Structures are given as C-alpha cells and as structure tokens.
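Single-structure report; data block below.
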Amino acid sequence: MLELKEVAKSYGKNEVLSSINFKVEQGKIIGLVGENGAGKSTLLNIIATLNKPSRGTISYNNLNYHKNIKKIRKKIGYVPQEIAVWEHLSVRENMLFFEQLSWKRQSEEDLRKLCTEMNLMKWTEKVSTLSGGMKRKLNLAISLIHEPELLLLDEPTVGIDLRSKKEIATYLKELVIDKQLIMIYISHDMDEIKQLCDKIYSLGDDSYYEALLKNEGLFVVNLS
C-alpha cells in the first residue's frame, strides 16, 4: 500500500500542494486530473522521489520514504511526459543499454518479450524511424525492465494515435492486475482516465474535471 499523509510542497511563498492525503492498494490504478499548474506533476515527482515534500510523510508497504529511499527507488517505475530514449540507437540497443542501468538483470529474450507484449515489434529499427506511438511504447518498456511495484506515469500517451493509446491502456490494465502493481496515471484525456482508473483524484480549485467525470457516473475526490 502507498500512503500519503499531509503532503505539501512550497516554492518560497508559493504553495503548490497543500495537505494531500490518500491511500492506494496493490492492484489499483489511480488517476490524477486537473488544470495545468494544479500540481499533478509535482505530486508525481514527489512520489517518484525526484522531489522532496515541504512537509508530510509518504510510506510504501510500511517503508517510510525518508528513511528507506534507496529501497523505495528500486520499486518505482517512472515515465515522464518527455520521451527519454536514444534516437540514434535501435529499439534493441535502447533496451540493452537501459537494462545495464537497471536494478534487475534481464536477458535479451526477456527484453524483447516485454516489447512484444505491448505490440512493439520493431526490434532492430532505429528509434528515429519510429512513430510517436512506438516511441511512447519503448519509453514505457524501459520503465518496466526492473519489474517495478509502483508505476508512475505522467501523460505517457500524449500526442499519439488512438490505436496506440488503446493498446497501451489495455496492456497497463492487465499488467497492474496480473502483477498486483500500484499505478498512478496523469492524463488530460478523460476517455483514458475512465477506461483505466479505479479511483480519480483532482487537484486545483477548478471544478471542470470533477463535473465532467461525475456526469459520467464516476466518483472524483478533490485533494486540494
């Protein structure tokens, strides 16, 4: 279980996050929605250990983040908004390169299987020749090499075609259930949020996303 208690973040006098509290159990997908600047990426970066909260505590399976940061980091898979792959290398070369940086050793066969499972078949092609959807799939595959328990995704399908979005969503949902992961997912695409998430949290004062999703019969909790 991931648990946040009174988590806040300020930059000088500007408070971006204020008293965030929630719990997520294994096998569940949480959606984060809200306007730009509401603090979604800031919150995800804090959970990813890339940023420290100004106050509050976070724990994962009774491990306090502050006291066990090295152990926690080994359990996290993080996909930022930006595609972070080597364009001049092939899919194979990217996977092998990032496997060497991973906490967990994987064979080339296992790496290729990981790509195949999300319908990324272009193993030997250079990344520069791939579509945006294929690059997004590779970005995601890299984050899964070390078999994380906590998967944090910041708009991982932005700017790609509908087919690739649906393939990624289907793969992620099955992965979370099969492996009993926790996933936190940021998106402005409400169809994605509705398809994927077990619970939805909104950030910021704007009620647009809350009203939109509640009209679809979905329960939304405002964290602000």
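Within region 78-101, being modelled with pLDDT under 90 and closer than 12 Å to I142 by Cβ holds for P80, I83, A84. Considering each residue of region 205-218 in turn, none proves to be among the hydroxyl-bearing types (S, T, Y), surrounded by 19 or more Cβ atoms within 10 Å (Cβ to Cβ), at pLDDT 85 or above and not in a loop (DSSP other than H, G, I, E, B). Of all positions in region 142-150, at least one carries a residue that is polar (S, T, N, Q), at pLDDT 90 or above, out of contact with any Pro (no Cβ under 8 Å at 6 or more places or on another chain) and part of a helix (DSSP H, G or I).
Residues checked against (1) part of a helix (DSSP H, G or I); (2) free of Cβ contacts under 8 Å to residues at least 60 places away in the same chain; (3) in contact with a Leu (Cβ under 9 Å, 6 or more places away or on another chain):
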{"site": "I83", "(1), (2), (3)": "no, yes, yes"}
{"site": "E93", "(1), (2), (3)": "yes, yes, no"}
{"site": "L96", "(1), (2), (3)": "yes, yes, yes"}
{"site": "E109", "(1), (2), (3)": "yes, yes, no"}
{"site": "L114", "(1), (2), (3)": "yes, yes, yes"}
{"site": "M121", "(1), (2), (3)": "no, yes, no"}
{"site": "T124", "(1), (2), (3)": "no, yes, no"}
{"site": "K135", "(1), (2), (3)": "yes, yes, no"}
{"site": "L138", "(1), (2), (3)": "yes, yes, yes"}
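Could you go through region 8-19 and let me know if any residue there is in contact with a Phe, Trp or Tyr (Cβ under 8 Å, 6 or more places away or on another chain), surrounded by fewer than 20 Cβ atoms within 10 Å (Cβ to Cβ) and either more than 15 Å from I200 (Cβ to Cβ) or at pLDDT below 95 (or both). Checked region 8-19: no residue is in contact with a Phe, Trp or Tyr (Cβ under 8 Å, 6 or more places away or on another chain), surrounded by fewer than 20 Cβ atoms within 10 Å (Cβ to Cβ) and either more than 15 Å from I200 (Cβ to Cβ) or at pLDDT below 95 (or both).
The values are calculated or read from the model by the stated rules, or taken from the named source; none is laboratory data. What you are looking at is a predicted structure, and each value in this text was computed from that prediction instead of being measured. All Cβ positions, glycine included, derive from the backbone under ideal geometry; neighbour counts span all protein chains shown.
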